[in-house]
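Heads up, the thing below is written out as structure tokens.
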Amino acid sequence: MKRIKFCELVEREGEKIAVSEWTEIPQDLIDIFAEVTGDRNLVHLNNKSARVAGFDRTIAHGYLLISLIPKILEQHISLPTSGTIINRDIKWTFRNPVLSNDSIRLRVVVQNARVRRGITIVTLGINMEVLSTGKIAGEGFATYIYTTKKTKQ
């Protein structure tokens, strides 16, 4: 699969640019995220507690799923090796849970892209789909800024 260069996204405004490969969300990843963040809600860590809450098994943290977006996007977007990419904004709505050991994939559209004063600003529309149910786990927009200008220190 050929990856799109980040700077080429400006030419692809309005286009669907990617449907990612499936990415599994194993329980050990959920456990590590709980440890790192301190979010030890038992719905994420204990199947019995998850069942009491109405789920078949533990569910992934929503912020864990959001944190995987850049990694998954790199399957399709080639990031520059120089300059700086900044996550400017993310707007996200959670729709359905992702159970442990299930998989997700992203569908990505270039919502808006422009270059202003040498700075590239790209907003991607993203849907996160769950393999086992076909439902949308979440959807929203992520805006990235790329610049080769040196920042003042």
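The values are calculated or read from the model by the stated rules, or taken from the named source; none is laboratory data. Note that this is a predicted model, so its numbers are computed, not measured. Using ideal geometry, Cβ is built from the backbone for each residue, glycine included, and neighbour counts are taken over all protein chains shown.
Points worth noting:
- Residues that are without any contact (Cβ under 8 Å) to a residue 24 or more places away in the chain and farther than 30 Å from Arg3 by Cα were ranked within the range 51-74; the one that is farthest from the chain's Cα centre (by Cα) is Val52.
- In the range 30-56, residue nearest to Thr81 (Cα to Cα) [restricted to those that are among the aliphatic types (A, V, I, L, M) and in contact with a Ser or Thr (Cβ under 9 Å, 6 or more places away or on another chain)]: Ile30
- The listed residues are Val43, Val36, and the only one of them that is assigned to a helix (DSSP H, G or I), over 15 Å from the mean Cα position of the chain (by Cα) and surrounded by fewer than 17 Cβ atoms within 10 Å (Cβ to Cβ) turns out to be Val36.
- Residues being of a type outside the set (Ser, Thr, Tyr), modelled with pLDDT under 95 and either in contact with a helix residue (DSSP H, G or I) (Cβ under 6 Å, 6 or more places away or on another chain) or not in a strand (DSSP E or B) (or both) - total across the range 118-148: 1
- The range 122-146, residues that are of a type outside the set (A, V, I, L, M, F, W, C) and out of contact with any Lys or Arg (no Cβ under 9 Å at 6 or more places or on another chain): Ser132, Thr133, Gly134, Tyr146
- Condition check for Thr147: farther than 18 Å from Val43 by Cα and of a type in the set (Ser, Thr, Tyr): yes
- For Pro26, the criteria (1) touching a strand residue (DSSP E or B) at 6+ places or on another chain (Cβ under 8 Å); (2) touching a residue at least 60 places away in the same chain (Cβ under 8 Å); (3) surrounded by 13 or more Cβ atoms within 10 Å (Cβ to Cβ); (4) farther than 30 Å from Thr148 by Cα hold in every case but one, which is (1).
- Output for the range 91-117, where each listed residue is assigned to a loop (DSSP other than H, G, I, E, B) and touching a residue at least 60 places away in the same chain (Cβ under 8 Å): Val98, Ser100, Asn101
- Residues of the range 58-90 that turn out to be of a type in the set (Val, Ile, Thr), part of a loop (DSSP other than H, G, I, E, B) and at pLDDT 95 or above, as a count: 1
- Within the range 101-153, tally of residues that are of a type in the set (D, E, K, R), closer than 25 Å to Thr23 by Cβ and surrounded by fewer than 16 Cβ atoms within 10 Å (Cβ to Cβ): 1
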